[in-house]
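A short reminder: the numbers here are calculations on the coordinates, not readings from a lab. Worth saying up front: this structure is predicted, and the values here are computed from it rather than measured.
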Amino acid sequence: MSDHAVNTPVHAARAHGHRAPRAEFYVYFAVILMGAFPVAFVSWIVSTIRHRRLPKRGPFASAWFDAKAITPLIFRA
């Protein structure tokens, strides 16, 4: 049985580790959140009128979810 951890380069192991978000990440997150909120609010209103009931997620939660999904894609290298 062989140990494959010995053969991996050190820089490759560090590159895929969990990193703490930086200030730039939070700035992009805030900008995307502000852009996603009006769209989420309009779609929430349309969905409420169309289905005659409130959606599970509110407009802010929906915008937060979108910003949380989009922002890491910008920093993926």
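The P(r) of the stretch 36-77 has a tail past 11 Å containing 63 percent of all C-alpha pairs.
The string of couplings for the stretch 24-32 from the Karplus curve (6.51, -1.76, 1.60, θ = phi - 60°) is 4, 4, 5, 5, 4, 4, 5, 5, 5 Hz, one whole number per residue in order, with x for Gly and Pro.
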